[in-house]
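Contents: one structure, followed by commentary.
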Amino acid sequence: MAARPYWTGQIKLALVTIPVELYSATKGRATISFRQIHEPSGKPVKYEKIVPGIGPVDTDEIMKGYEYEKGSYVLLSPEEVDAVKLESKKVLELTQFVEATEIDPLYYEKPYYVVPTGELAEEAFIVLRNALRKSGKIGLGQLAMRGREYIVALRPCGRGLMLETLRYSDEVNRATSYFRDIGDEEPDADLLELAETLIERKSGSFDASAFHDRYVEALQRLVEKKRKAKGKRVIEEVEEESPRATGNVIDLMAALKKSVASEKKSASPRKSPAKKRA
């Protein structure tokens, strides 16, 4: 496997330990990277690490500092930080198993593929994978990676396992504080039926490759146009129709009916020119 493991250690279940490696299951999305340029000279702007009253400093003179009161810091060297003892730095102990539906999707953060290291680890790895699959449970534990400790969830994934880091409870904003002013009355039955019909017409299987980052693609086209224009202004003024903001139920009903009719027309098979009159 060409990729470097993100973490190497052991999964521990009671007295059983399984050597594993973690690999990131996702990769950085395509982006357009801009640099700050000094327009008169056309040269990039650089940033220097500067201490007030001293000026630029070398990187090896910089330490981590924790501000315990205004202007006062506790300095920590990299060796002191690395020496913090945590069992979860090298061992992921599965301490609890829960139903997958018990974890709100809001808590999930980042996925990793879990791979056994060596033939001796493979047998125990397969037993754990199949036991999780058969029980329908997710294993929970805590794991230290890259300077912090995470809650993690372990689940079957094809022939392997997937580990997902979870947010702590204090990292999640409660929905009630945002939704408390929304009424709980039942909507009009006809409006609800039209909305359900529209959802049904637009339903299908998920295919991530069907979606593209249109903003990045538009920026790429702009950069190419600008390059060919050799510095000339290439901004195109496009007038967009503003959506109507109204609380009128009649407008909502008309919009839903029009949407359903539009979906029905686009989804209907093409008919032959010769058709009978109704």
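Remarks
- The chain: angle of helix 189-201 to the longest principal axis, Cα-based, in degrees nearest 10: 70 degrees
- Counted by Cβ distance under 12 Å from Q142, the other residues give a net charge of 0, where Lys and Arg count +1 and Asp and Glu count -1.
- Given the alternatives (i) 46, 36, 24; (ii) 45, 20, 15; (iii) 32, 20, 18, semi-axes √(5λ) of the Cα gyration tensor in Å as computed for this entry is given by (i).
- Subtracting the Cα-Cα distance of Q36 and E79 from their residue separation scaled by 0.36 nm leaves 12.0 nm.
- Taken about its Cα centre, the chain carries a charge dipole of roughly 1980 debye when the Cβ of each Lys and Arg holds +1 and the Cβ of each Asp and Glu holds -1.
- By average C-beta atoms within 10 angstrom, highest first, the peptides 41-48, 95-102: 95-102, 41-48
- The modelled label-to-label distance for the pair K27/L120, using points 7 Å beyond Cα in the direction of Cβ, is 3.4 nm.
- Here the Karplus curve 6.51 cos²θ - 1.76 cosθ + 1.60, taken at θ = phi - 60°, turns the phi angles of segment 253-261 into couplings of 4, 5, 5, 5, 4, 5, 5, 5, 5 Hz, with x standing for Gly and Pro.
- Nearest 10 degrees, 0 to 90: helix 119-135 Cα axis against the chain principal axis: 40 degrees
- Per-residue extension of 0.36 nm, minus the Cα-Cα distance of D251 and E263, leaves a gain of 2.5 nm for this segment.
- Projected label distance in nm at N173 and E61, using a 7 Å step from Cα toward the beta-carbon: 4.2 nm
- Label point 7 Å beyond Cα of K110 along Cβ direction - residues of segment 164-208 with amide nitrogen under 15 Å: 164-168
- Multiplying the residue separation of K202 and V127 by 0.36 nm and subtracting their alpha-carbon distance yields 22.9 nm.
- C-alpha long axis of helix 214-229 to longest principal axis of the chain, angle in °: 90 degrees
- A simple packing score, the average count of other Cβ atoms within 10 Å per residue, orders the peptides 186-195, 106-115 as 106-115, 186-195, with the highest score first.
- Protection proxy ranking for 54-66, 11-23, using the average of other Cβ atoms within 10 Å per residue and placing the highest first: 11-23, 54-66.
Every number here is computed from the coordinates shown, using simple stated rules; none is lab data. Source: prediction; values computed, not measured. Methodologically, a virtual Cβ is constructed for each residue, glycine included, from the backbone with ideal geometry; neighbour enumeration extends over all protein chains shown.
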